[in-house]
1. Condition check: open to solvent by less than 70 Å² (accessible area, probe 1.4 Å) and β-branched (Val, Ile, Thr). Does Val103 satisfy that?
2. So for the range 80-87 (the condition being open to solvent by 60 Å² or more (accessible area, probe 1.4 Å) and either among the aliphatic types (A, V, I, L, M) or touching a helix residue (DSSP H, G or I) at 6+ places or on another chain (Cβ under 6 Å) (or both)), does at least one residue qualify?
3. Any chance the range 1-20 includes a residue that's out of contact with any Pro (no Cβ under 8 Å at 6 or more places or on another chain) and not in a helix (DSSP H, G or I)?
Amino acid sequence: MTVSDFFLGILALSGLALAIAAVPAFLRLGRAAGAVERLASRLSQDLLPLGQRLASLDHEIHDLAGRCRQGLDKTDQLLGRATATADRLERTSAVLLNALAAVAPQVGGLVAGWRAFAAALRRGKDR
């Protein structure tokens with residue numbers, strides 16, 4: 001046996017040792033790949049309903065936003081009508097107040113006249 005044969009034998013033994021040591025590592029790597037595959041499968045099963053629920057929520061939010069917009073538009077219209085009505089009421093009350101201010105002295109004089117007339121009638125009955 002020569003030195004080259006000796007080193008070739010050592011190389012062969014070390015290659016065999018590496019192959020034997022690599023078998024458990026490859027088995028472990030296979031198990032890890034299986035676990036990753038199961039995790040990916042479970043995630044895809046869990047994420048699909050989640051995506052569908054998110055799409056449903058998006059639709060509901062969009063619908064709710066449309067309803068809120070319609071409600072705000074109606075409220076804006078009602079506030080405009082209420083403001084217009086309040087303006088008309090204020091103008092009407094000002095006109096009525098001016099009309100009453102012109103008539104009030106006449107009514108006051110009329111009332112005073114009726115009182116004087118009633119007092120004169122009472123005095124006439126007492127005599």
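1. Numbers: open to solvent by less than 70 Å² (accessible area, probe 1.4 Å): yes; β-branched (Val, Ile, Thr): yes.
Here the answer is yes, as Val103 does meet what is asked.
2. From the range 80-87, those open to solvent by 60 Å² or more (accessible area, probe 1.4 Å) are 81, 83, 85, 87; that's our starting set.
Within this subset, residues satisfying the condition of being either among the aliphatic types (A, V, I, L, M) or touching a helix residue (DSSP H, G or I) at 6+ places or on another chain (Cβ under 6 Å) (or both) are none.
Within the range 80-87 (the criterion being open to solvent by 60 Å² or more (accessible area, probe 1.4 Å) and either among the aliphatic types (A, V, I, L, M) or touching a helix residue (DSSP H, G or I) at 6+ places or on another chain (Cβ under 6 Å) (or both)), the answer is no, since none of the residues qualifies.
3. Taking the range 1-20 first, the residues out of contact with any Pro (no Cβ under 8 Å at 6 or more places or on another chain) are 1-20.
Adding the requirement that they be not in a helix (DSSP H, G or I) leaves 1-2.
Yes - at least one qualifying residue is present in the range 1-20.
The values are calculated or read from the model by the stated rules, or taken from the named source; none is laboratory data. Fair warning: this is a prediction, and the values are worked out from it, not measured in the lab. Note: ideal-geometry Cβ built from the backbone for every residue, glycine included; neighbour counts use all protein chains shown. All accessible areas refer to the heavy atoms of the entire protein, side chains included, with ligands and DNA or RNA removed. Shrake-Rupley method; radii C 1.70, N 1.55, O 1.52, S 1.80 Å.
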